[in-house]
Amino acid sequence: MSMPPILTALRKHKSGVVLISLQIALTLAIVCNAVFIIAHRIERVNRPTGLNESNLILVQQQWVGAPTGNDQASLDKLDSMQLADLAALRQLPGVTDVAPVNSLPLLQSAWQGAISLKPHIQIGDKSSYDRVAFYLTNQNGLKTLGLKLVAGRNFRPEDVTHASFRGVMQNSPVLMITQALAHKLFPQGKALGQTVYLDGKSQPSRVIGIVARMQTPNVGPVASTFAWSSAILPKRYNGFFSMYAVRTQPGQMHAVMKAIKPALYKVDPMRVMGDGDVQSFATIRAAAYQKDIGMAILMGVISLILIGVTGAGIVGLTSFWVGQRHKQIGVRRALGARKVDILRYFQTENLIIAGLGAVLGIVLAVGLNLVLMRHIAMQRLPIWVVLAGVVLVLILGQLAVFVPARRASRVSPASAVRSV
Amino acid sequence: MFAYYLQLAVRSLKRNKALTALMVMTIAFGVAASMTTWSVFRAVSGDPIPSKSSELFVPQIDNWGPARLGPKGQPPDALDYTDAVNLMRAHRAKYQSAMYAIGPLIVPPKAGQHPFSVSGEAVFSEFFPMLDAPFQYGGPWSAKDDTQRARVVVISSKLNDKLFGGIDSVGKTINIGGNDYTVSGVLDHWNPQPRYYDLTNNATFNSKGQGVFIPFNTAIAVSQANQGSTNCYAPPSQPGFVGLQHSECSWISFMVELDGASQVAAYQQFMDGYARQQQSMGRFSWPPNNRLRGLPAWLAHEHVVSGDVTTSLLVAWGLLIVCLVNTAGLLLAKFLRRSGEIGVRRALGASRREIYTQFLIEAGVIGLAGGVFGLLLTGLGVLGIGLVMPQSVAELAHVNVSLLGLTLLLAIVVTALAGLYPTFRAAHVQPAWQLKTN
């Protein structure tokens, strides 16, 4: 099988060759980027939060006519209302643990701030502190959420204090942080027992425990820069609203979810709980990643259409060429070319065209990647994605060309003389 | 002649049904993908208040200083309480309103009904004329109500339906968060998307709409807590809601109406003067660093059109280009296969122009068929967009006459473009050469 005859033949079909290679190039460029977006989104969605996500419920509620004052009596009243709720939830059959919380990973409502090794940071000077999401809970938080403590100890009941939701961050003598945050703050290790400062305040806080992993509540591009930097403070916040995490026995979650509203209304009917205020963690996860999953599906659908269209286009155009060269194929067959030679001829021809397209496609893929990077959080296209794309379009071309090429190989040698 | 060419086109297309079907499907898929994503893009990038968007501005005042803002130096998106109150007091724009999002509880008048929470906004009376908010009953409260911290409320038509069965409820009272408010007006189905007046404290798109609007000063007086985002560079030094008001935290949105370039320049000057005055008082230790963005620039600054929407649109248009190239290739094959036929027609006296007409009509027929099929797919796509885009955004995408018309037009234009080169080649077939070889 020699190349020159193929090249000569291609030169006679310049426009067809240009159109197919252009189509293959565009397909390669778009599919590479789409697949890269899909891979990125799947990777995001599959990140573990660090929680034991099954059998976990989040309850949100607000009281009607709760004290609004900031005096100690009002705060004590609010706190006793919260403790009554927690006790009632703990009593429900099927419930194993209950804890007050201010947010959860993926809930997309975050209390964010700064953590530093020195007091009085400047928030414009990003080197002086790390960004952190604060979780407030009590000694039951670890067990309820299913977090893994890797060093130090959990909160003790006497560590836990309560304060107004607008000043709750003041003065936290002890806290737990994630392992990721510990590494950021203390690259040499030994974070346990060290002193840190929250939000640039002058009161020190001591790290008493380190949890393996706990994702921050937000999933947006900014929050993704500190997705694992969480700090857990031993606090109940007092306000007109409260939030509880509830862990149930396996298989009991749906029954418990049904029982929660009546139980809380029994404690105090003067409260508001809407439709979405008792939700499983699975619901929170689905809501947080709906956009990412949707984008992955959309890119997948577009890629499939593209591959289908391009494949069908190659079949169509090659079929035409086979029909057009019917006589020449007959002549070659009559002169002794085997069926497999004809098959190889069309396959090699397609390989050359697809190869031309792939070269142009690599350039276009990188270009499109640069354009998209301006619109979405997207990294540089890695070389393996581009190479995988090149292999894909070459295989696509070979598969698409096979049917018309086989038809060409069946052209009878007699047709060389028949049509005259 | 047109009818004859049409007949020829249909006959030719029938000859190779698989190829025709492939071309029609290609056009349909390409057009449907681009029109579906475009319908979403159109919905989210649209002007929420076309009559006034060039007159609405969002002032930003730098009360943080360069050390806290970091290298970019952009002032906070929202104002702190001090600056918001001072700008309101100065009253330099035609209309202006400070505002913050609230989520108060409503206690229904009838016994036995559960209280429910409703989203709302604490605003000034000028908010309503500034944003052309339409009223079903009554109207905004007065400027005097603002200063006297009156317990008055403007409610949405939805809340009016729920509480009063949709009657004219002006003058009736509602218990909001434990206080009685008198209804001054009922809005007429007003829920602008995006919620451009307070993007910092609200989800950008929200089909639910806000239920209550109460005077800003009243909300402050009754300690109606703010919802949304609160941005601080340091924790407030005093506790509670009052502490927030005395802090440099940014949490209050602000919008002004300015007519014409001279008013805009004057307001900019006023803001800088204000900042210099704060500087001389010792509150700011930096020169004025303010912004006065027009509404369109503000929407862009707040990234109202998400990167995902733009990316989908770009990728879908890329798909359309591939479909165009694909159709061009197939048409080229189809037309050139008939070189013999063209040669005979040309030899019998048909002009190039007639060949052009014949083949462009054939391409047009494919475009039309692709367009009709594409309409169907676009309809399905818009219905199904909720599966891949957030509900609040997907709900905004509608199939309407302009979308359908554009889909059909796009299909025909794309096919005609794809048919241009193949037709050119067909028209330049050498009759003599064709006749000789056969």
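Bear in mind that the values in this text are calculations on the coordinates, not laboratory data. Since the structure is predicted, the reported quantities are computational estimates derived from the model, not experimental observations. Note: ideal-geometry Cβ built from the backbone for every residue, glycine included; neighbour counts use all protein chains shown.
Mind telling me which of B:75, B:59, B:390 comes out most flexible in a GNM of chain B, alpha-carbon contacts under 10 Å?
B:390
Where in chain B are the helices, taken as whole DSSP H runs, whose Cα atoms extend 18 angstrom or more along the long axis and whose Kyte-Doolittle mean reaches at least -1.0?
Correct list, ordered by number: B:2-15, B:17-45, B:261-280, B:307-337, B:352-384, B:401-427.
With just the Cα atoms defining each centre, how far is the range B:384-412 from the range A:72-127? Give it in Å.
Each part reduced to its Cα centre gives a spacing of 43 Å.
Pairs of Cα atoms under 8 Å, at least six residues apart: use those to get the relative contact order of chain A, whole percent.
28
Work out from phi, with θ = phi - 60° and the Karplus expression 6.51 cos²θ - 1.76 cosθ + 1.60, the ³J(HN,Hα) of each residue of the range A:120-136, listed in order in whole Hz, and give x for Gly and Pro.
Couplings: 6, 7, 9, 6, x, 9, 5, 7, 8, 7, 10, 7, 8, 9, 9, 10, 10 Hz.
To make sure I understand, if each residue's beta carbon is the centre and we count other beta carbons within 10 Å, what order do A:195, B:200, B:36 fall in, fewest to most?
So the residues, fewest neighbours to most, are A:195, B:200, B:36.
Given the options A:408, A:114, A:182, state which has the largest fluctuation in a GNM of chain A using a 10 Å cut-off (strictly under) for Cα springs.
Result for chain A, Cα springs under 10 Å: A:408 fluctuates most.
Helix A:253-267 against the longest principal axis of chain A: what's the angle in degrees, Cα atoms only, rounded to the nearest 10?
Long axis of A:253-267 versus the principal axis of chain A: about 30 degrees.
May I ask for the distance between the Cα centers of the range A:16-58 and the range B:63-110, given as a whole number of Å?
40
What do you get for trypsin sites (Lys or Arg not before Pro) in the range B:186-295 restricted to DSSP loop and a cutoff of at most 15 other Cβ within 10 Å of the site's Cβ?
Passing sites in the range B:186-295 are B:208, B:283.
Taking each residue of A:319-331 in turn, how many C-beta atoms of other protein chains fall within 10 Å of its C-beta, and what is the average?
Mean partner-chain Cβ count within 10 Å for A:319-331: 2.
Give the long-range amide H neighbours of residue B:136: residues separated by 5 or more places, or on another chain, with amide H under 5 Å away, using H modelled in the peptide plane at 1.01 Å from N.
B:186, B:187, B:188
Give the order of A:13, A:254 when sorted by the count of other beta carbons within 10 angstrom, beginning with the fewest.
In increasing order of surrounding Cβ atoms, one gets A:254, A:13.
Sequence-distant or interchain residues sharing an amide H contact under 5 Å with residue A:178, placed H: which?
Residues meeting the amide H criterion: A:211, A:230.
Mind checking which of A:15, A:319, A:202 has the largest fluctuation in a GNM of chain A, springs on alpha carbons under 10 Å?
Answer for the Gaussian network model of chain A: A:15.
Residue-wise, which Karplus ³J(HN,Hα) couplings in Hz belong to the range A:383-395, taking 6.51 cos²θ - 1.76 cosθ + 1.60, θ = phi - 60°, and x for glycine or proline?
4, 5, 5, 5, 5, 4, x, 4, 4, 4, 6, 5, 5
Amide H neighbours of residue A:271 under 5 Å, at least 5 residues apart or on other chains, H built in the peptide plane: list them.
A:64
Indicate the gyration tensor shape class of the range A:1-40 (rounded, prolate or oblate), computed on the Cα atoms with a ≥ b ≥ c the square roots of the eigenvalues: a/c under 1.5 is rounded; otherwise a/b larger than b/c is prolate and the rest oblate.
oblate
In bins 10 Å wide, starting from 0, what share of all Cα pairs of the protein assembly as shown does each bin hold, as a percent?
Result returned by the calculation: 2, 11, 17, 19, 17, 12, 9, 7, 4, 1, 0.
Around residue A:111, what is the net charge, scoring Lys/Arg as +1 and Asp/Glu as -1 over all other residues with Cβ under 13 Å from its Cβ?
Residues close to residue A:111 contribute a combined charge of +2.
With θ taken as phi - 60° and the coefficients 6.51, -1.76 and 1.60, list the Karplus ³J(HN,Hα) couplings across the range B:65-70 in order, rounded to whole Hz; mark glycine and proline as x.
In residue order, the calculated couplings are x, x, 5, 8, 7, x Hz.
Taking only C-alpha pairs under 8 Å that are 6+ residues apart, what is the relative contact order of chain B in percent?
Over chain B, the number comes to 28 percent.
Quick one: work out the % antiparallel among DSSP beta bridges in the protein assembly as shown, nearest 5.
Once the DSSP bridges in the protein assembly as shown are tallied, antiparallel ones form about 75 percent.
Would you tell me the mean number of C-beta atoms belonging to other protein chains that fall within 10 Å of each C-beta in B:383-394, as a whole number?
3
Just rank B:144, B:162, B:72, fewest to most, by other beta-carbon atoms within 10 angstrom.
In increasing order of surrounding Cβ atoms, one gets B:72, B:144, B:162.
Just to confirm a number: summing +1 for Lys and Arg and -1 for Asp and Glu over residues other than residue B:248 whose beta-carbon lies under 13 angstrom from that of residue B:248, what do you get?
-1
So, by mean Cβ neighbours within 10 angstrom, what's the order for B:170-178, A:302-310 with the highest one leading?
A:302-310, B:170-178
Quantify how strongly other chains surround peptide B:28-36 by giving the mean number of their Cβ atoms within 10 Å of each of its Cβ atoms.
Other-chain Cβ atoms within 10 Å of each residue's Cβ, averaged: 2.
For chain B, what is the mean residue ellipticity at 222 nm derived from helices alone (per DSSP H run of n ≥ 4: -39500 (n - 2.57); sum divided by total residues; nearest 500 deg cm²/dmol)?
-16500 deg cm²/dmol
Let me check I've understood the local charge: for residue A:128, count other residues with C-beta under 15 angstrom from its C-beta, Lys and Arg +1, Asp and Glu -1. What total comes out?
My count for the surroundings of residue A:128 gives +3.
Output the 0 to 90 degree angle, nearest 10, between the alpha-carbon long axis of helix A:339-373 and the longest principal axis computed from the alpha carbons of chain A.
40
From the cross-link list A:14/B:17; A:235/B:162; A:235/A:261; A:126/A:235, which pairs have alpha carbons spaced over 29 Å apart?
Distance filter (> 29 Å) returns A:235/B:162.
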